[in-house]
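Here the structure comes first, spelled out in structure tokens, and everything after it is commentary.
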Amino acid sequence: MTFPITRLRRLRTTATMRRLVRETALSVDDFVYPLFTCPGTNVKEPIGSMSGCFHFSPDVIADEAREVAGLGIPAVLLFGLPSNKDATGSEAWDDGGAVPLAIKAIKEACPELLVITDACLCAYTDHGHCGVVKDGKIVNDETCDLLAKMAVCHAKAGADIVAPSDMMDGRIGVMRDLLDENELEGVAIMSYSAKYASAYYGPFREAAHSAPSEGDRKSYQMDPANSDEAMLEMELDVEEGADILMVKPGLAYLDIVQRAKQSFNLPIAVYNVSGEYMMLQATADAGLIDLEQTTMETLTAFKRAGADIIITYSAKLAAKLLAK
Ligand code: PBG
Ligand code: ZN
């Protein structure tokens, strides 16, 4: 099977030929579009660090949800800002908070659109950590209880899927138990299973006002150097009742996505995070790359690596390009 008998270029000759032999097909069905909600009314405020992204107050977020649903995107991932931050992030489970209100507004406007909510305390705590801090340490088990309360609050408001992004040990099991106790057994959990302590979250932390005021997240998020450990995290999440496993970030962790897909039989999600998104936006703004082509190439890479679900700020652009 060598040259001149084998000529791999034969199957690359025309667009139709390439279409026939293409191994990976990106689909709008794969996408989840992140949305940010904030307290107040009539707010649609551009997020300075993230091109094309906005903070929406719950009363106006339905317009955006309609656009997303109209493009055929199956799900949004909702992040919230509180009106007040405190030591435990207590607004995170306030039924009158921006997230529960936004869930209701979206569900009313687009009942079919799936609403996934991020469950984490960092945007709600005054210290910006994802859990309760005592003597300079993030307290694991107490944090799990609060996250579970947050998940129940979202689920009661109508969330279809809750997505804990904190990386405490055991949080999936605690969350599953409390959801079930509240007769919310039909609500799914998408676990940020292999979430790395990454500098690619920079633009997001500005958007969510969630950067830790002291220290970093390395005592709970994973070390970027580790791969076997990601498999352990996922194994535990499966045992604790996760329905979907996530790898985050995406681009620098495609090997983890591939291993996850090969090792588990649950849907694998990948989070194409804010820094990855802005690398393309900023480079394209500088006139150095083509935004549409690099976006589609990047999203295709996630799919090729094995992702079943792609969470991306590029979902609307990609949906429009796929519909062409
Ligand atoms: C909160 C959270 C973060 C992201 C999603 N949920 C930031 C962090 O952990 O510091 C990052 C999303 C992105 O960068 O797009 N725990
Ligand atoms: Zn957090």
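The values are calculated or read from the model by the stated rules, or taken from the named source; none is laboratory data. Predicted, not measured: the structure shown is a model, and the values here were computed from it. Reconstructed Cβ throughout: ideal geometry from the backbone, glycine too, with neighbour counts over all protein chains shown.
General remarks:
- Screening region 109-126 for residues that are surrounded by 24 or more Cβ atoms within 10 Å (Cβ to Cβ) and touching a helix residue (DSSP H, G or I) at 6+ places or on another chain (Cβ under 6 Å) and picking the one that is farthest from GLU142 (Cα to Cα) gives VAL115.
- GLU214 meets the conditions (1) surrounded by fewer than 16 Cβ atoms within 10 Å (Cβ to Cβ); (2) within 19 Å of the chain's Cα centre (by Cα) in every case but one. The failed one is (2).
- Only residues that are part of a helix (DSSP H, G or I) and either under 18 Å from the mean Cα position of the chain (by Cα) or at positive phi (or both) were counted across region 281-295, and they come to 1.
- When GLU240 is tested against the conditions (1) of a type in the set (D, E, K, R); (2) closer than 24 Å to ILE116 by Cα; (3) within 16 Å of ligand 1 (Cβ to nearest atom), the lone failure is (3).
- Among the residues listed as CYS120, CYS110, CYS153, the single one being within 14 Å of ligand 2 (Cβ to nearest atom), closer than 30 Å to LEU71 by Cα and not hydroxyl-bearing (Ser, Thr, Tyr): CYS120
- Positions within region 254-274 being crowded, with 20+ Cβ neighbours inside 10 Å, part of a helix (DSSP H, G or I) and not β-branched (Val, Ile, Thr), in sequence order: ARG259, ALA260, SER274
- Whichever residue in region 107-161 is without any contact (Cβ under 8 Å) to a residue 24 or more places away in the chain and not aliphatic (A, V, I, L, M) and, among such residues, is farthest from GLY241 (Cα to Cα): ASP135
- Note on region 296-308: among residues that are assigned to a helix (DSSP H, G or I) and of a type in the set (D, E, K, R), the one that is surrounded by the most Cβ atoms within 10 Å (Cβ to Cβ) is LYS303.
- Positions within region 133-162 being under 24 Å from VAL32 (Cβ atoms) and outside any helix (DSSP H, G or I), in sequence order: GLY158, ALA159, ASP160, ILE161, VAL162
- Restricting attention to region 230-260, the residues that are over 27 Å from LEU179 (Cα atoms) and basic (Lys, Arg) total 1.
- Of all residues making up region 309-324, the number that are surrounded by 17 or more Cβ atoms within 10 Å (Cβ to Cβ) and farther than 21 Å from ILE47 by Cβ: 2
- Number of the exception - GLU214 against (1) at pLDDT 95 or above; (2) more than 11 Å from ligand 1 (Cβ to nearest atom); (3) in a loop (DSSP other than H, G, I, E, B): (1)
- Here GLY241 meets each of (1) surrounded by fewer than 22 Cβ atoms within 10 Å (Cβ to Cβ); (2) at negative phi with one exception, condition (2).
- Filtering region 1-36 to residues that are outside any loop (DSSP other than H, G, I, E, B) and under 21 Å from ALA269 (Cβ atoms) leaves VAL28, ASP29, ASP30, PHE31, VAL32, TYR33, PRO34, LEU35, PHE36.
- Selection count where residues are within 14 Å of ligand 2 (Cβ to nearest atom) and either in a helix (DSSP H, G or I) or not polar (S, T, N, Q) (or both), scope region 163-175: 6
- Entry remark, region 176-208: residues being part of a helix (DSSP H, G or I), in contact (Cβ under 8 Å) with a residue 40 or more places away in the chain and away from ligand 1 (no atom under 15 Å from the Cβ) number 1 in total.
- Some residue of region 54-65 being among the aromatic types (Phe, Trp, Tyr) and in contact with a helix residue (DSSP H, G or I) (Cβ under 7 Å, 6 or more places away or on another chain): yes
- Selection of region 272-287 for residues being in contact with a helix residue (DSSP H, G or I) (Cβ under 9 Å, 6 or more places away or on another chain), away from ligand 2 (no atom under 16 Å from the Cβ) and either free of Cβ contacts under 8 Å to residues at least 12 places away in the same chain or closer than 19 Å to GLY48 by Cβ (or both) yields GLU276, TYR277, MET278, MET279, LEU280, GLN281, THR283, ALA284, ASP285.
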